[in-house]
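The values are calculated or read from the model by the stated rules, or taken from the named source; none is laboratory data. Keep in mind it's a predicted model, so treat the numbers as computed, not measured. All Cβ positions, glycine included, derive from the backbone under ideal geometry; neighbour counts span all protein chains shown.
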Amino acid sequence: MAPPKLLAAMACLTQLLAAHGSILVLDAASQRVQVGLLRSGKSVLWHATPDEAGLGVFAGTETLLRQAGLGIGEIGAFLFCEGPGSMLGTRTVAMALRTWLTLKPRAVYAYQSLALAARFAWSQHDCRDLIVIADARRDTWHCQPIRADGSLSPLQRLPAADLPAAELFTPENFRAWAQPPRPAATCSYDLAAIFPAVMDGDYFTATAAPDAFQYEAPEYKKWSAQAHSAATAARR
């Protein structure tokens, strides 16, 4: 089977819909799993649930496909959130996509949660400088600045003490294990509201291998098996 046709490295939703006709959106970055079905010339369908990703992703997909009278094989392309957010949620989505792609190869595009949240918060707060953050654990924070002109700086992971001096926002329904280092307002992560505001922005990246976002590749220590003996016990 021929490989799926992908658009350029970065594309907007308007281009994606024109190229593929129908797009299934999967987002489990927050505690509210969101699934959407975008189709050219038809109303967008959304389904959201507080169920954990292993249930919510598949139940939401089944619900929308049933409403639209479609099968999973009729979807033209997939769009998914690679993070930051719930690592279990994003990996569940990636697993589902990899399974569906083995049944029928299709184009897949990824986006980052904080980029969309920042762009929407910027549009709702007088288009001023702000930063959207999410807890990255171990006293560090995912940090997505957006300038007054609407341009996004690269996503960073920073210690709490190093967060830039700008107004802070945290996306609703994102897990947090620590309090922000200074007061932070809550911003929307309702994709049904956000997607119409980002239709023409280049937030979506083609990928051949859906996976969860990571700043760097994981490192693994080499393990060598060694039988216990009096000598090894003495060195402990």
TODO: Name the residue, out of Leu158, Leu168, that is in contact with a Leu (Cβ under 8 Å, 6 or more places away or on another chain), at pLDDT 95 or above and hydrophobic (A, V, I, L, M, F, W, C).
DONE: Leu168
TODO: Please tell me if Leu88 is modelled with pLDDT of 95 or more, within 18 Å of Leu37 (Cα to Cα) and within 14 Å of the chain's Cα centre (by Cα).
DONE: no
- [ ] Would you check if there is a residue in segment 193-202 being under 24 Å from Val35 (Cα atoms), touching a Gly at 6+ places or on another chain (Cβ under 9 Å), at pLDDT 95 or above and assigned to a loop (DSSP other than H, G, I, E, B)?
- [x] no
Open item on the list: Give me the residue from segment 198-213 that is charged (D, E, K, R) and touching a strand residue (DSSP E or B) at 6+ places or on another chain (Cβ under 9 Å) and, out of that set, nearest to Leu114 (Cα to Cα).
Closed with: Asp202
Open item on the list: As an exercise: evaluate Leu70 against (1) aliphatic (A, V, I, L, M); (2) in a loop (DSSP other than H, G, I, E, B); (3) under 16 Å from the mean Cα position of the chain (by Cα) and give the number of the one condition it does not meet.
Closed with: (3)
Task: From Ala59, Ala53, Ala28, Ala48, residue being under 30 Å from His142 (Cβ atoms) and touching a Cys at 6+ places or on another chain (Cβ under 8 Å) - done: Ala28
- [ ] Please indicate, with yes or no, whether at least one residue in segment 132-142 is over 20 Å from the mean Cα position of the chain (by Cα), among the acidic types (Asp, Glu) and either assigned to a strand (DSSP E or B) or modelled with pLDDT under 95 (or both).
- [x] yes
Open item on the list: So the check is Cβ under 6 Å with 6+ separation or different chains; which pairs have a first residue in segment 68-84 that's closer than 24 Å to Tyr189 by Cα and a second one that's of a type in the set (D, E, K, R) and in a loop (DSSP other than H, G, I, E, B)?
Closed with: Ala77/Arg106
TODO: Among the residues of segment 138-172, write down those that are surrounded by 12 or more Cβ atoms within 10 Å (Cβ to Cβ) and either among the basic types (Lys, Arg) or touching a His at 6+ places or on another chain (Cβ under 9 Å) (or both).
DONE: Arg147, Leu155, Gln156, Arg157, Leu158, Glu167, Phe169
Task: Test result for Thr90, touching an Asp or Glu at 6+ places or on another chain (Cβ under 7 Å), among the hydroxyl-bearing types (Ser, Thr, Tyr) and part of a helix (DSSP H, G or I) - done: yes
TODO: Report yes if some residue within segment 115-136 is under 19 Å from Pro210 (Cα atoms) and crowded, with 16+ Cβ neighbours inside 10 Å; otherwise report no.
DONE: yes
Task: Scan of segment 173-201 for residues that are surrounded by 13 or more Cβ atoms within 10 Å (Cβ to Cβ) and out of contact with any helix residue (DSSP H, G or I) (no Cβ under 9 Å at 6 or more places or on another chain), ordered by number - done: Asn173, Arg175, Ala176, Ala184, Ala192
Task: Tally of residues being assigned to a loop (DSSP other than H, G, I, E, B), of a type in the set (S, T, N, Q) and in contact with a strand residue (DSSP E or B) (Cβ under 9 Å, 6 or more places away or on another chain) across segment 28-67 - done: 2
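How many of the residues making up segment 43-87 are polar (S, T, N, Q), surrounded by 15 or more Cβ atoms within 10 Å (Cβ to Cβ) and farther than 19 Å from Phe174 by Cβ?
Qualifying residue count for the region: 2.
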